[in-house]
2 protein chains.
Amino acid sequence: MHHFQAQAGVFYGLGVGPGDPLLITLKAHQLIQCADVICYLANQIGTSQARDIAQHSIDSRNEPAKEVAIPMPMSTDRTAANAAYDLGAQQIAEQLKLGKSVVFLCEGDPLFFGSFSYLLERLSDAHECLVVPGISSVNGAASALKQPLTLLQESFVIMSGRHTDQQLTQALNNHDNVVIMKAGRARPRILALLHQTGRTEDANYLAYIGRENQQILTDVSRLANEEGPYFSLFVVLNKERNS
Amino acid sequence: MHHFQAQAGVFYGLGVGPGDPLLITLKAHQLIQCADVICYLANQIGTSQARDIAQHSIDSRNEPAKEVAIPMPMSTDRTAANAAYDLGAQQIAEQLKLGKSVVFLCEGDPLFFGSFSYLLERLSDAHECLVVPGISSVNGAASALKQPLTLLQESFVIMSGRHTDQQLTQALNNHDNVVIMKAGRARPRILALLHQTGRTEDANYLAYIGRENQQILTDVSRLANEEGPYFSLFVVLNKERNS
């Protein structure tokens, strides 16, 4: 099989999938193995979920890579986040100007609710950028549930816990299948809206898909009415399906 | 790295991604390498897009696998399709009862608009079934376009060319970002609806993502007003984004 090589001065956004290290694509794995610089976002104590997922791929390199961890404040304040992206883009640009190949590790898919979008918009004018898609948690969730996301003429909408009550209610009322991403802080609100729209029984809850602490609940009435982890989601599927 | 082994009597649905053989996951690649039986849908002349995508992975096996091609009529007639799934499920069940591990190759993701769902519902009661997610053409399209599918509070809906004019119009009017899958036969209708909803300029068109004949048009007004290939889609993205 053709082996994919990272090119000098190119910035790669790599999806590393939802959590299982074996759900990394061959292309992302090969780029992690050969890139000059491996970059990722890190939280305040320096850990990175994306790097954890890619650990096995990083370990299979012949020699260690230079790593750049971009510190990202855990806050909904966009000013702080934008400053962090500015600093990260600057560090990446420095490496690209030296002719280094730089891969940026993204949980799930790089362009699906991802931080990579904010780096891409800062770097794409001056540098060649390429994107390697990854398994999103939406597809990871369907596989874990062994339930189709869509069949034939069903409609399918992806929302997030950041949407308003009105937007979420509309989605739950108007669409057969609804995935609600980033459900952590919004969990009590989402549980109430599922109840109000009569869709509690259609709902499944998943957290940390493909990781050791994976959690799957097909009866969400058993779920505590409190905030949950950031990487949790609801998958609401029309139970009366025509196949 | 831990090497994943196919287990006796287990049926695996494997996503092989949108077209680029390197967008297969490590897990699907390993299962293709070690499964007893490799299974896929084939059209009337015996070709299978999923098998084509997995060719390199199949070639990297130590010894050839038994292959089972399930013939699928190209028709919108559900009766003919259901008969084909019945026959396919029967052939797969025979292998599983012999204690063989069987992988079923799916384009994109197995549970996203996929035929695998119809085999899963026929086999899951009597046999252990596992699903390995794949890169869907939605994520493949975003990477090819280098455009985010969703940012922050944007809403995102996935439709197909099988939806009615009213359903598609509603989606285009009410959601920032809309992907329309299976756009082949419906192309003239979709182009008209994009025009009517004022979203022609937001639309991108992609066909055969990640294959040699990949086609990307960011100006869909240049697209011929005629039927296109089955594996084509429209990605409609709000151009006035707040990042």
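The values are calculated or read from the model by the stated rules, or taken from the named source; none is laboratory data. The model shown is predicted, which means the values in this text are computed figures rather than measured ones. Heads up, the Cβs are rebuilt from the backbone with ideal geometry, glycines too, and the neighbour counts pull from every protein chain shown.
Quick check on A:Ala93: is it more than 19 Å from the chain's Cα centre (by Cα), modelled with pLDDT under 95 and in a helix (DSSP H, G or I)? No; evaluated as a whole, the condition is false for this residue.
On the stretch given as segment A:1-33, residues that are crowded, with 19+ Cβ neighbours inside 10 Å and touching a strand residue (DSSP E or B) at 6+ places or on another chain (Cβ under 8 Å) total 18. Would you point out the residue of segment A:200-218, among those that are at pLDDT 95 or above and out of contact with any strand residue (DSSP E or B) (no Cβ under 7 Å at 6 or more places or on another chain), that is farthest from B:Ser115 (Cα to Cα)? Restricting to residues being at pLDDT 95 or above and out of contact with any strand residue (DSSP E or B) (no Cβ under 7 Å at 6 or more places or on another chain), the top hit is A:Thr200. When restricted to residues that are surrounded by 17 or more Cβ atoms within 10 Å (Cβ to Cβ), touching a strand residue (DSSP E or B) at 6+ places or on another chain (Cβ under 9 Å) and in a helix (DSSP H, G or I), segment A:168-181 contains 3.
Being among the polar types (S, T, N, Q) and free of Cβ contacts under 8 Å to residues at least 60 places away in the same chain, is that true of even one residue in segment A:7-25? Give the derivation first.
Initially, segment A:7-25 is screened for residues among the polar types (S, T, N, Q), giving A:7, A:25.
Filter once more, so that each one left must be free of Cβ contacts under 8 Å to residues at least 60 places away in the same chain: none.
Checked against the condition, which is being among the polar types (S, T, N, Q) and free of Cβ contacts under 8 Å to residues at least 60 places away in the same chain, segment A:7-25 yields no hits at all.
Checked against (1) buried (at least 20 other Cβ atoms within 10 Å of the Cβ); (2) not assigned by TED's automatic domain parsing to the domain that holds A:Ala28, A:Leu145 passes all but a single condition, namely (1).
Counting just the residues of segment A:149-166 that are more than 14 Å from the chain's Cα centre (by Cα) and touching a residue at least 40 places away in the same chain (Cβ under 8 Å), which one comes out surrounded by the most Cβ atoms within 10 Å (Cβ to Cβ)? Step by step, filter segment A:149-166, then rank; the result is A:Leu149. Being outside any strand (DSSP E or B) and closer than 26 Å to B:Leu23 by Cα holds for only one residue in B:Gly184, B:Gly88, B:Gly99, B:Gly198, and it is B:Gly184. Among the residues of segment B:120-134, is any acidic (Asp, Glu), assigned to a helix (DSSP H, G or I) and outside the structural domain of B:Val102 (by TED's automatic domain parsing)? Within segment B:120-134 (the criterion being acidic (Asp, Glu), assigned to a helix (DSSP H, G or I) and outside the structural domain of B:Val102 (by TED's automatic domain parsing)), the answer is no, since none of the residues qualifies.
Filter segment B:193-214 for residues that are free of Cβ contacts under 8 Å to residues at least 40 places away in the same chain and surrounded by 15 or more Cβ atoms within 10 Å (Cβ to Cβ) and give the result. B:Leu193, B:Thr197, B:Arg199, B:Thr200, B:Asp202, B:Ala203, B:Tyr205, B:Ala207, listed by residue number. Within 14 Å of chain B (Cβ to nearest Cβ), among the hydrophobic types (A, V, I, L, M, F, W, C) and on the phi > 0 side of the Ramachandran plot, is that true of A:Leu145? Here the answer is no, as A:Leu145 does not meet what is asked. In segment B:113-133, the qualifying residues are those that are in contact (Cβ under 8 Å) with a residue 40 or more places away in the chain and facing another protein chain (nearest Cβ under 7 Å), and the one that is farthest from B:Ala6 (Cα to Cα) is B:Phe113.
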